[in-house]
1. Residue 13 - would you say it is surrounded by 12 or more Cβ atoms within 10 Å (Cβ to Cβ), assigned to a loop (DSSP other than H, G, I, E, B) and at pLDDT 95 or above?
2. Residue check, residue 109 against (1) modelled with pLDDT of 95 or more; (2) out of contact with any strand residue (DSSP E or B) (no Cβ under 6 Å at 6 or more places or on another chain), all met but one. Which one?
3. Collect the residues in segment 93-128 that are surrounded by 17 or more Cβ atoms within 10 Å (Cβ to Cβ) and closer than 12 Å to residue 66 by Cβ, keeping them in residue-number order.
4. Quick one: would you say residue 18 is surrounded by 16 or more Cβ atoms within 10 Å (Cβ to Cβ), assigned to a strand (DSSP E or B) and in contact with a strand residue (DSSP E or B) (Cβ under 8 Å, 6 or more places away or on another chain)?
5. Restricting attention to segment 29-44, and to residues there that are assigned to a loop (DSSP other than H, G, I, E, B) and over 24 Å from residue 94 (Cα atoms), which single residue is modelled with the highest pLDDT?
6. Among the residues of segment 76-92, is there at least one that is within 9 Å of the chain's Cα centre (by Cα) and either buried (at least 16 other Cβ atoms within 10 Å of the Cβ) or closer than 20 Å to residue 19 by Cβ (or both)?
7. With respect to residue 47, is the statement that it is under 16 Å from residue 113 (Cβ atoms), touching a helix residue (DSSP H, G or I) at 6+ places or on another chain (Cβ under 7 Å), outside any loop (DSSP other than H, G, I, E, B) and modelled with pLDDT of 95 or more true?
8. Of 60, 37, which residue is surrounded by 11 or more Cβ atoms within 10 Å (Cβ to Cβ) and in contact with a strand residue (DSSP E or B) (Cβ under 7 Å, 6 or more places away or on another chain)?
């Protein structure tokens, strides 16, 4: 019986996706540009001027630009302390089979990068 004794573990990252190079308390660097929250980042789109202010007031209209990017998962990032959006918004995402993760700003950026490099349909929505 022959056994395979080696396995390639190198991740082949896509180079055309928007990845977070660094982040501050309320801004991110993508490529050479710095963008301040509120901000929406997808693999192939950056939406500035998003009108969201905090998780407690997020509604379907504010999430429309996020959902236009056809995500399978949305990472909602914000300064600490984190707070989940209203139940109605969580239900809307669930009905569309879109996962939602709520994280502190830095963790959200790092998690977005991992999922984007795996070619997942992930959207990062950063609140100020």
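1. no
2. Here residue 109 clears every test but (2).
3. 93, 98, 100, 122, 123, 124, 125, 126, 127
4. Criteria not met by residue 18.
5. Per the criteria, the residue is 37.
6. Checked against the condition, which is being within 9 Å of the chain's Cα centre (by Cα) and either buried (at least 16 other Cβ atoms within 10 Å of the Cβ) or closer than 20 Å to residue 19 by Cβ (or both), segment 76-92 yields at least one hit.
7. No: the conditions fail for residue 47.
8. 37
The values are calculated or read from the model by the stated rules, or taken from the named source; none is laboratory data. Being a predicted model, the structure only gives us computed values, none of them experimental. Note that each Cβ is placed from the backbone with ideal geometry, even for glycine, and that neighbours are counted across all protein chains shown.
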